[in-house]
Amino acid sequence: MSLLLAVIYLIFVSLGLPDSLLGSGWPKMQVEFGVPSSYAGYVFMMISAMTIISALLSPKLIQRLHVKWIVTFSIMLTIFGLLGFSFCTQYWMLLVCAIPYGLGAGAIDAAMNHYVANNYSGAVMNFLHCFYGVGAIISPYLMALAIKVAHWNEGYRWTAFLQIGILLVVISSWSLWQQNDPKADESKIDSAGIKETIKQPGVMATLLAFFAYSAGEATCFLWVPSYFAGTRTGISSELVASFGSLIFGGLMIGRLIAGFIANRLGDRRMIRSGTMVELIGILLTALPIKGYLVAAIGFLIIGIGMGPIYPSIQHMAPINFGKRYSAAVIGLQMAFAYTGSTFMPTVFGILQQKLGIWIMPLYLLVFAGLSFALLELSYRQEARL
């Protein structure tokens, strides 16, 4: 189990590797393809749409296939997508290659979170999501190095080579996945589908809460540098760009801390504590203080508070709804999360264009409050069972 856990950590690194490449490479890619800057959004939406489809299909895949096959084929699809991007010479080719790129992400994400939620502690779940952040941080550096010494295509190609190495490790670990575990086989046969699962008390409230959480998180990913550029003066463009790492860094710190205390506090207390920390961070960003330091600390604290929420919601799915429904619940959670992260940052972009970027703390407050309230509602609905 210890050796298998090491492989799972590596798989979570692989989950993060492709996610940061488009944003890092787009300034160069846009010039080469001769398209407007906004066209990155269409590629991102294609990847997200395929990821949502893959996540919705994951309950049936988990029911019919062992998790090692889902992981293997998903990484292969991601490799095809990455290599495809590396050979693109026209913009439309990116949209085609985004299909395997996105399909490879949703099923593996749902399958791995389902497997970990049913076999490991909340501490392990938080540590694993911390390693997802490691992958998301590695790939921009690969892209930056590729642009410096070669070409943006090489950033995708080098990341594909890393994924191939992880794939070989996964294949060599097939014997560790307990394929003939009778309990696992029994749970697959008895697993519920999406239609039945969504009718269970508390499920819809949990899904909407995940949508709201992901909306706030993705808004931070996309708009934090713009918030500083629009609300603070006298800051260099290099410093503004660096503020984009505040939320990623905060998430990693939050999940690292959560890994040490999650087993003591439990998932619900971790979520409540994280939300309180996030609200403190939002308050700091909204304070009318000149200079950027207080707001920067605020966004870092927002990330720390958000850190344990995502993994804790997924880890408690088997506990709240039972193993019969956990695969479908986690698959639906992934679909709702990607939907929130795809569309709500765009909604914020429209709002800030009309009202001003200063509304960002208020926007984050609304979604943090919604996520917290909906989760508390789901707990009450589950208690009536």
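The values are calculated or read from the model by the stated rules, or taken from the named source; none is laboratory data. Every value quoted in this text rests on a predicted model; they were computed, and no experiment measured them. Note: ideal-geometry Cβ built from the backbone for every residue, glycine included; neighbour counts use all protein chains shown. Areas reflect the complete protein model, heavy atoms only, side chains present, ligands, DNA and RNA absent. Shrake-Rupley method; radii C 1.70, N 1.55, O 1.52, S 1.80 Å.
Some observations on this one:
- The lysine pair tally for the chain, using Cα distances under 20 Å and a gap of 8 or more places or different chains, is 15.
- Considering every alpha-carbon pair of region 15-157, the percent of pairs per 5 Å bin, from zero through the bin containing the longest distance, is 2, 10, 18, 21, 19, 13, 9, 5, 2, 0.
- Largest GNM mean-square fluctuation among Val71, Val224, Val294, using the chain with Cα springs under 10 Å: Val294.
- Summing Cβ point charges (Lys, Arg +1; Asp, Glu -1) relative to the Cα centre of the chain gives a dipole of roughly 440 debye.
- Taking every protein chain into account, the 1.4 Å probe leaves Trp69 with about 80 Å² of accessible area, to the nearest ten.
- Normalised by residue count, region 44-121 yields a Cα convex hull volume of 82 Å³ per residue.
- Convex hull volume of region 1-89 per residue (C-alpha atoms, cubic angstrom): 100 Å³
- Rel. contact order, % - alpha carbon contacts under 8 angstrom, at least six apart, the chain: 25 percent
- Rolled with a 1.4 Å probe across the full set of protein chains, the surface gives Asp267 an accessible area near 20 Å².
- Value of relative contact order over region 212-316, rounded to a whole percent, pairs C-alpha under 8 Å and six or more apart: 34 percent
- Multiplying each eigenvalue of the alpha-carbon gyration tensor of region 291-385 by 5 and taking the square root yields semi-axes of 30, 16, 13 Å, largest first, rounded to whole angstroms.
- Dividing the helix sum by the residues of the chain, where each DSSP H run of 4 or more adds -39500 (n - 2.57), gives a mean residue ellipticity at 222 nm of -28500 deg cm²/dmol.
- On the chain, 69 percent of the accessible area sits on carbon and sulfur atoms, based on a 1.4 Å probe.
- Percent of Cα-Cα distances greater than 33 Å, calculated over the chain: 28 percent
- Dipole of the chain [Lys/Arg +1, Asp/Glu -1 at C-beta], most positive-end residue of Val7, Leu56, Ile166: Leu56
- When nucleic acids and ligands are ignored and a 1.4 Å probe is applied, Ile70 ends up with an accessible area of around 10 Å².
- Cut-off 17 Å, label 7 Å out along Cα→Cβ of Ile261, residues of region 98-124 by amide N: 122-124
- Net charge of the neighbourhood of Ile11, taken over other residues with C-beta under 13 Å away and scored Lys/Arg +1, Asp/Glu -1, is 0.
- Taking all protein chains into account, the per residue accessible area for the chain stands at 44 Å² (1.4 Å probe).
- Compactness of region 243-303 as Cα Rg over 2.2 N^0.38 Å, two decimals: 1.20
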